[in-house]
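Each remark here refers to the structure printed beneath this line.
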Amino acid sequence: MPVDTKRVRGPEVSQSPSLFLGRPVAVLPSSGPRADGRQRDQVDVRPVFVRCGLVSQAKGSAYIEAGNTKLMCCVYGPRETERKDETDMKCGRLTTDMRFAPFSCPERGSWIQGSQDKDFSLMLHESLQPAVCLHKYPRSQIEVNVMVLENSGSVLAHAITCASLALADAGIEMYDLVLGCSIRQDGASYVVDPSYMEENYSSSASSENQGGLTVAFLPSLNQISGLQSDGEMTEEILTAGVRTCIEGCYKLYPVIQQALAKAVRKAAPPPSES
């Protein structure tokens, strides 16, 4: 029998990988430490790894890793607006595009932008636009592209932080950095920077005070540039959740500042010997 030399053949005796895939539990424990060791009802965010300037073809780029959540952002521009009918003589234009890689989620997705990608792109645009000095770039366009490499929860919050860092790395004038933080309310308790399991599975049988909240915050100006919530939460719970997210942003601020300062020192020319 002829052998197909152009196809990589698997072993003759093998089993489907789906047999080894464990099914996630439908109900998570509502008390005690979380699965990754963090505490409930505390501003306990995951350790963050951040780097700038990794993509040489882009004007600015940033990579952020929080737990198993991994994102890459590239910024292009400012450059001439492609469509002349959208040219603004007094102000520039900011475009955002956020996509999930097909391999980023437990269920394989598509390269075609879905409804969730469009919603996240709109929220990203609303969060970044108040912080960018668009009046400095008339008749120009700034493009922000975010790619989610692995989704392990809180992707929108980390996408906001990563995009803000990439804009700063590109030298775009901004009023302040934009940091994102999210919480998941589960009945009487909440978790900060929730994982994928915590976002999609509830530990309480009651439907009261069940929802998620993501806040985009400008720490130096002490202003909120974007807020996105889903589910049902009372006014008191929502107000307390916003304060918790702001506190989480302040915890991330020194890490982001240090990464940006390191990138600036690396890109700066060496001092001249005179």
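The values are calculated or read from the model by the stated rules, or taken from the named source; none is laboratory data. Remember, predicted model here, so these are calculated numbers, not experimental data. Cβ: placed from backbone, ideal geometry, glycine included. Neighbour counts: every protein chain shown. For the accessible areas, the whole protein counts, side chains as well, though only heavy atoms, and no ligand, DNA or RNA atoms are used. Shrake-Rupley method; radii C 1.70, N 1.55, O 1.52, S 1.80 Å.
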Test: residue in the stretch 247-257 that is at pLDDT 90 or above and over 30 Å from Ala170 (Cβ atoms): no
Complete set of residues in the stretch 158-202 that are more than 22 Å from Met147 (Cβ to Cβ) and either surrounded by 19 or more Cβ atoms within 10 Å (Cβ to Cβ) or free of Cβ contacts under 8 Å to residues at least 24 places away in the same chain (or both): Ile183, Arg184, Gln185, Asp186, Ala188, Tyr190, Val191, Val192, Glu198
Residue ranges of strands (runs of 3 or more DSSP E) in the stretch 130-193 with at least 1 members within 19 Å of Gln223 (Cα to Cα): 179-186
Conditions (1) open to solvent by 40 Å² or more (accessible area, probe 1.4 Å); (2) touching a residue at least 40 places away in the same chain (Cβ under 8 Å); number of the one not met by Leu252: (1)
When residues of the stretch 228-249 are limited to those that are under 16 Å from Gly180 (Cβ atoms) and surrounded by fewer than 13 Cβ atoms within 10 Å (Cβ to Cβ), the one farthest from the chain's Cα centre (by Cα): Arg243
Qualifying residue in the stretch 241-249 (condition: assigned to a helix (DSSP H, G or I) and over 14 Å from Gln42 (Cα atoms)): no
Tally of residues being in contact with a Gly (Cβ under 8 Å, 6 or more places away or on another chain) and closer than 12 Å to Asp97 by Cα across the stretch 129-146: 2
Filtered residues of the stretch 194-215 (kept if under 13 Å from the mean Cα position of the chain (by Cα) and either part of a strand (DSSP E or B) or at pLDDT 95 or above (or both)): Thr214, Val215
Condition check for Ser225: within 17 Å of the chain's Cα centre (by Cα) and closer than 23 Å to Val50 by Cα: yes
Close pairs (7 angstrom Cβ cut-off, 6 or more residues apart or separate chains): over 14 Å from Glu247 (Cα atoms) in the stretch 207-226, among the hydroxyl-bearing types (Ser, Thr, Tyr) and assigned to a strand (DSSP E or B) anywhere: Gly211/Ser229; Gly212/Ser182; Gly212/Ser229
Whichever residue in the stretch 207-217 is open to solvent by less than 10 Å² (accessible area, probe 1.4 Å) and touching a helix residue (DSSP H, G or I) at 6+ places or on another chain (Cβ under 6 Å) and, among such residues, is nearest to Gln185 (Cα to Cα): Leu213
Sole residue being farther than 18 Å from Tyr63 by Cβ and in contact with a Pro (Cβ under 9 Å, 6 or more places away or on another chain), chosen from Ile237, Ile224, Ile142: Ile142
Subset of the stretch 39-90 [surrounded by fewer than 15 Cβ atoms within 10 Å (Cβ to Cβ), closer than 25 Å to Lys136 by Cα and not charged (D, E, K, R)]: Ser56, Gln57, Met89
